[in-house]
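Here's the structure we're looking at; comments come further down.
Read-outs: derived from the displayed coordinates by stated rules, not from any lab. Since the model is a prediction, treat every value here as computed from it, not as a measurement. All Cβ positions, glycine included, derive from the backbone under ideal geometry; neighbour counts span all protein chains shown.
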Amino acid sequence: MEKDIRYTDKKVDHAWKSSVCLDQPRVSSKKAREATPEVPFNFSSFITSLAVQALMSMGELAPPESEKPSVNLDAARQTIELLVMLREKTKGNLENQERELLHQLLADLQMKFVAHTSAQPGA
């Protein structure tokens with residue numbers, strides 16, 4: 001009867017394992033927390049991040065990894081429509097501050113979008 005190799009003991013190459021661990025920079029979780037500021041994750045921060053995304057798509061803000069803003073009005077339109085959908089789906093469930101923030105963000109984004117599309121030739 002042959003030995004079933006599926007259930008044999010695994011052999012770990014500890015020398016390889018420790019060399020890989022030495023190659024990796026070690027950052028303690030305390031240092032990582034100090035280096036990364038904590039941003040509250042709530043509805044307001046979520047819709048604000050969507051608004052920033054729309055502003056970047058309109059070329060109003062440059063993405064962090066780029067020096068030059070790029071314009072993608074289709075992406076901006078989709079993000080604004082997503083915010084409109086969120087406004088409709090959350091109606092009656094938001095706190096006053098969240099509702100006002102969403103209203104103001106949408107008003108500003110829609111005005112900027114209209115300015116961008118009316119400035120486009122053939123728009």
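By the compact-protein rule of thumb, 2.2 N^0.38 Å, the alpha-carbon radius of gyration of the range 41-119 corresponds to a ratio of 1.11. Across the range 65-71, rounded Karplus estimates of 3J(HN,Hα) from the backbone phi angles (6.51 cos²θ - 1.76 cosθ + 1.60, θ = phi - 60°) give 8, 10, 8, 10, x, 10, 10 Hz, Gly and Pro being marked x. For Met58, nonlocal amide neighbours, meaning residues 5 or more places apart or on other chains whose placed amide H falls under 5 Å from its own, are Asn72.
If the chain linking Ser45 and Lys68 were pulled fully straight, counting 0.36 nm for each residue of separation and taking away their Cα-Cα distance, it would gain 5.8 nm. Phi angles of the range 40-51 translate, via the Karplus equation with coefficients 6.51, -1.76, 1.60 and θ = phi - 60°, into HN-Hα couplings of x, 9, 8, 4, 5, 5, 5, 6, 5, 5, 5, 5 Hz per residue; Gly and Pro are given as x. Using the average count of surrounding beta-carbon atoms within 10 Å as a protection proxy, the listed peptides 76-82, 42-48, 86-92 rank, highest first, as 76-82, 42-48, 86-92. Computed from label points 7 Å out along Cα-Cβ, the spacing between Val84 and Glu98 is 2.2 nm.
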